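The values are calculated or read from the model by the stated rules, or taken from the named source; none is laboratory data. All figures in this text were calculated on a predicted structure; none of them were measured in a lab. Cβ placement follows ideal geometry from the backbone for every residue including glycine, while neighbour counts extend to all protein chains displayed. Surface areas here come from the heavy atoms of the whole protein model, side chains and all, with no ligands, DNA or RNA. Shrake-Rupley method; radii C 1.70, N 1.55, O 1.52, S 1.80 Å.
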Amino acid sequence: MAQTWRCSGLRWSADGPVLMWGGGRGSALSWGKRVAFGVVDEGVRTCVGARGNACPVRAVVSGRSAGARCEECARLDRAHSVAADTMADDPRPYRVYLAWFGPGMVKVGITGAARGSARLLEQGAVVFSWLGQGPLMAARRTEELLRAALRVPDRIPYAEKRAVRAALPGAGERLEEIRELHARVMELEGWPESLERAPFQAVDHTEVFGLEGLPPAIGVVSELVAGGVVSGELVAAAGPDLHLATGRGVVVVDTRLMTGWELTAVRGEQLTVPVKEWEDRSVRQDGLF
């Protein structure tokens with residue numbers, strides 16, 4: 001029987017993207033490297049569990065689910081999370097940031113100060129700048145202030161981020177939109193006193209993600225299936241996404257769809273999983289689906 005692995009998702013290190021596997025082993029990725037794997041025949045996708053614990057019933061989950069968790073494990077994973085506002089007494093410092101993903105796509109968010117810029121890499125932020133640092137609830141109130149006063153969203157769908165990666169403007173234009181918004185934010189009244197403001201200092205991930213000269217993608221893998229194969233040459237990576245050059249053109253693989261499956265090594269250049277093609281890649285789309 002062929003050896004199988006379970007993917008734990010994509011992680012970003014100081015040296016670039018790393019595919020993680022069960023047991024803690026990682027496969028560092030670099031531009032030009034062939035990424036090839038197959039889903040075991042007659043396999044099913046099972047829940048990955050919650051907070052480091054296995055799903056007690058090994059529930060079968062949808063191939064299209066980015067979370068790969070059953071309803072109960074998803075609830076447990078969200079419990080006591082920053083996103084769910086269940087950790088108001090968390091004593092650790094948090095940072096507020098502005099993240100730019102493309103023209104007209106800027107969001108506000110918060111992340112633990114100890115994590116550095118890892119959260120921005122995980123989200124696929126092309127450019128970002130810190131806004132300030134302070135206690136969790138002060139960071140959360142600042143986030144709410146931006147949403148209310150300037151209508152800055154706290155979430156941008158991955159479909160929209162993917163649709164513009166191959167047509168990003170030059171470095172100066174990439175920085176200008178977030179620079180102007182940062183200046184407007186600093187003029188707002190109502191900032192929490194306990195949040196220390198940060199000056200504008202943009203960080204550009206274009207080179208880190210390999211986006212310079214990125215060919216337009218023909219589409220995105222919509223799900224993995226039993227017996228399916230994915231194989232292609234890595235040309236870029238951003239957030240959880242791998243951009244692979246295949247015989248059909250560049251295809252985006254969301255590595256979150258790889259979790260929960262038993263995967264095996266394959267040879268060749270096949271692509272036998274469902275791909276949702278993009279009907280018009282010349283202009284920004286509102287969504288892929």
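Just checking the listed ones, 49, 134, 268: in the Gaussian network model of the chain with Cα springs under 10 Å, the one fluctuating most is 268.
Please state the relative contact order of the chain as a whole percent: Cα pairs under 8 Å, 6+ residues apart?
Details: 592 pairs, mean separation 77.4, N = 289.
27 percent.
Using a cut-off of 23 Å between alpha-carbon atoms, which lysines can reach residue 161, once sequence neighbours fewer than 8 places away in the same chain are excluded? The qualifying lysines are 107, 276.
Between residue 184 and residue 76, the distance separating the two model label sites (each 7 Å from Cα on the Cα→Cβ line) works out to 4.4 nm.
Excluding same-chain neighbours fewer than eight residues apart, the aspartates and glutamates reachable from residue 33 by a Cα-Cα span under 14 Å are 233, 269.
In the range 91-230, what percent of the accessible surface is made up of carbon and sulfur (1.4 Å probe, ligands and nucleic acids excluded)?
On the way: 3000 of 6090 Å².
The nonpolar share, carbon plus sulfur, comes to 49 percent.
Placing +1 at every Lys and Arg Cβ and -1 at every Asp and Glu Cβ, with all other atoms neutral, what dipole size does the chain have around its Cα centre, in debye to the nearest 20?
Numbers: 35 positive and 35 negative charges, 112 e Å.
With Lys and Arg at +1 and Asp and Glu at -1, about 540 debye.
Residue farthest toward the positive end of the dipole of the range 1-128, with Cβ of Lys/Arg at +1 and Asp/Glu at -1: which of 106, 48, 16? Result: 16, furthest along the dipole toward the positive end. Summing Lys and Arg as +1 and Asp and Glu as -1 over all other residues whose Cβ lies under 15 Å from the Cβ of residue 172 gives a net charge of -4. Our coupling estimate for the range 249-261, obtained by passing each phi through the Karplus curve with A = 6.51, B = -1.76, C = 1.60 and θ = phi - 60°, is x, 6, 10, 8, 10, 7, 5, 5, 6, 7, 6, x, 9 Hz, Gly and Pro reported as x.
Just to confirm the filter: which GluC sites (Glu not before Pro) across the range 126-224 are DSSP coil and have at most 13 other Cβ within 10 angstrom of their Cβ?
Those satisfying the criteria are 187, 189, 193, 212.
Residue-wise HN-Hα couplings along the range 114-122, as the Karplus relation 6.51 cos²θ - 1.76 cosθ + 1.60 with θ = phi - 60° gives them from phi, are 5, 7, x, 9, 4, 4, 5, 5, 5 Hz; Gly and Pro carry x.
Normalised by the number of residues in the range 1-125, the mean separation of alpha-carbon contacts (under 8 Å, six or more apart) gives a relative contact order of 14 percent. When the residues 33, 161 are ordered by accessible surface, computed with a 1.4 Å probe over the protein chains alone, the sequence from largest down reads 33, 161.
Scattering from the chain was approximated by placing one identical point on each alpha carbon and applying the Debye formula without solvent; log10 I(q)/I(0) at 0.09, 0.12, 0.13 1/Å stands at -0.47, -0.83, -0.97. Heavy-atom accessible surface of the chain, averaged per residue, reaches 50 Å², computed with a 1.4 Å probe.
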